Amino acid sequence: MKNFLIGCFALVATTMMASPAQALWIDMGGAVDVGIEDDWLASISQADLLLAYGSGGEAAEAAWLSFVTTSTITQGELTKEGDVDWYAPVYSDPTLLTEAPNLIAFELPVAHATYLVKNATTRAAFTNNDQGLWGVINISGLGLNLGDDMQISHVTGAGGITVPEPSTLLLLGTGLAMVGLRRRRNK
């Protein structure tokens, strides 16, 4: 029993000491938490999309996104969000003093697991890391700078966010409790 309690304490202490990812902020008349930087998956130019898939439309985007994410995404699953207003600078602290270079943030009307950012020449796929309603991307990987006449024509989302149901968490907790009781009974 003593070893079990020591193990539980070590697990809790390790979890508490693990540092979470750095939250990012924008200034909208006050500090707004926009989550963490999203991971870039891949980019493709309009010309390469036409060459590889025969068109630059939503069907080609869905096929390319399926290839990039290694999951099946149909054209019907893509949700076009329309023109995007982006915010810069993005700050790495809530006092809005330290800028995070080359990052932009934009609001997503719906939380998607993956989203596609595009303009007239390029499509880029990103993973929504904090699975929230903000996209935060590094534009330097897209060959753009904040000083350029940068425009995002629209954001297309794919794949819903899966949130564990309370019953799943209850089942997990019950299972762990049963393992603990079983172990205690066997000693």
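The values are calculated or read from the model by the stated rules, or taken from the named source; none is laboratory data. Model, not experiment: these values are computed from the prediction. Cβ: placed from backbone, ideal geometry, glycine included. Neighbour counts: every protein chain shown. Side chains included, ligands, DNA and RNA excluded: accessible areas come from the protein's heavy atoms. Shrake-Rupley method; radii C 1.70, N 1.55, O 1.52, S 1.80 Å.
Listed values, structure above:
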{"read-out": "Among (1) without any contact (Cβ under 8 Å) to a residue 24 or more places away in the chain; (2) open to solvent by less than 60 Å² (accessible area, probe 1.4 Å); (3) among the hydroxyl-bearing types (S, T, Y), the one test that T72 misses", "value": "(2)"}
{"read-out": "Residue within segment 25-35 that is open to solvent by 70 Å² or more (accessible area, probe 1.4 Å), under 15 Å from the mean Cα position of the chain (by Cα), under 24 Å from N102 (Cα atoms) and touching a residue at least 24 places away in the same chain (Cβ under 8 Å) present", "value": "yes"}
{"read-out": "Leading residue by the ranking (nearest to L65 (Cα to Cα)) among those in segment 97-114 that are out of contact with any Gly (no Cβ under 9 Å at 6 or more places or on another chain) and open to solvent by 30 Å² or more (accessible area, probe 1.4 Å)", "value": "P101"}
